[in-house]
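See structure below.
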Amino acid sequence: MIYVKLFLEFFKIGLFSFGGGAAMLPLIKDTVTSNDWLTLEQFNNFIGVCESTPGPIAVNMATYIGSVQAGFLGSVVATLGVVLPSFIIIILIAAILKNFIKNKYFQGFLDGIKPVIIALILGTGITLLLNNIGLKNLNFDFNIYSLICFIIVTVLYYAILLIGKKKIPTIALIIFSAILGIIVCL
């Protein structure tokens, strides 16, 4: 029964999420916390792990949660659940894309969901920031180490962007942040 539940829950997430993995995070959070698959703290911690591992964050989350709940088969079922809707939708859109691309209703649909996607991504980012500096569930438990890391990485990123006129590669930021986190916590 857990396999069916994992598949259906992640299928719903995959079906109703637009905008990629970051936009899926609020739905994944609601699903895993309401089913008691992960605590909010475990979920927040695992976002960092998923972001630093290869592959889309939603697939990594589904694989991990499925594995924790039902072993290897659970990870396969949850992963299939989250990717199958996108796979089906892409095949359907590719088959009839020429008709959709100029359709005013389809363009209206896309224009309508763009603000929601931005809001979901922004909301997830703000929630992660607040959780990492210590504001969890409206209880303030200040974490100076996370705040120091956040400030250092943010200042470094924008200093290099302004002075060097180029962005730091995402991989370099992840590696730097991980090393900085270890150093600051020691």
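The values are calculated or read from the model by the stated rules, or taken from the named source; none is laboratory data. Keep in mind the model is a prediction, meaning the values are calculated, not measured. Ideal geometry is used to build each Cβ from the backbone, glycine not excepted, and the neighbour counts take in all protein chains shown. Each accessible area value is taken on the protein alone, full model and side chains, heavy atoms only, with ligands, DNA and RNA left out. Shrake-Rupley method; radii C 1.70, N 1.55, O 1.52, S 1.80 Å.
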Of the options 91, 181, 157, report the single residue whose Cα projects farthest towards the positive end of the charge dipole of the chain (beta-carbon charges: Lys, Arg +1; Asp, Glu -1).
91
When you take every Cα atom in the range 43-186, what is the radius of gyration, and what is Dmax, the widest Cα pair distance, in Å?
19.7, 59
Nothing charged except the Cβ atoms of Lys and Arg (+1) and of Asp and Glu (-1): what's the magnitude of the dipole of the chain about its Cα centre? Round to the nearest 20 debye.
740 debye
What list of ³J(HN,Hα) values in whole Hz, one per residue of the range 161-176 in order, does the Karplus curve 6.51 cos²θ - 1.76 cosθ + 1.60 (θ = phi - 60°) give from phi, with Gly and Pro shown as x?
5, 6, 7, x, 6, 9, 7, 7, x, 4, 4, 4, 5, 5, 5, 4
Summarise the accessible area of the range 1-79 (1.4 Å probe, protein heavy atoms) by the percent that is carbon and sulfur.
65 percent
Quick one: which of 12/114; 114/167; 102/165; 102/167 span more than 27 angstrom between C-alpha atoms?
102/165; 102/167
Pair residue 114, residue 99: separation of 7 Å Cα→Cβ label points (nm)
2.5 nm
Using amide H atoms built 1.01 Å from N in the peptide plane, name the residues 5+ places from residue 52, or on other chains, whose amide H lies under 5 Å from its own.
none
Mean separation of Cα contacts under 8 Å, 6 or more apart, over the residue count of the range 1-107: relative contact order %:
34 percent
Using a 1.4 Å probe, what is the accessible area per residue for the range 1-106, in Å²?
57 Å²
Computed over the chain, the relative contact order (Cα-Cα under 8 Å, seq sep at least six) in percent reads 21 percent
For the pair residue 39 and residue 156, what calculated FRET efficiency results from E = 1/(1 + (r/R0)^6), where r is the Cβ-Cβ distance and R0 = 35 Å, to the nearest 0.05?
0.65
Please determine, in degrees from 0 to 90 and to the nearest 10, the orientation of helix 104-133 with respect to the longest principal axis defined by the Cα atoms of the chain, where the helix direction is its Cα long axis.
30 degrees
Quick one: give the max-minus-min coordinate of the C-alpha atoms of the range 11-55 along each principal axis, largest first, in Å.
26, 25, 13
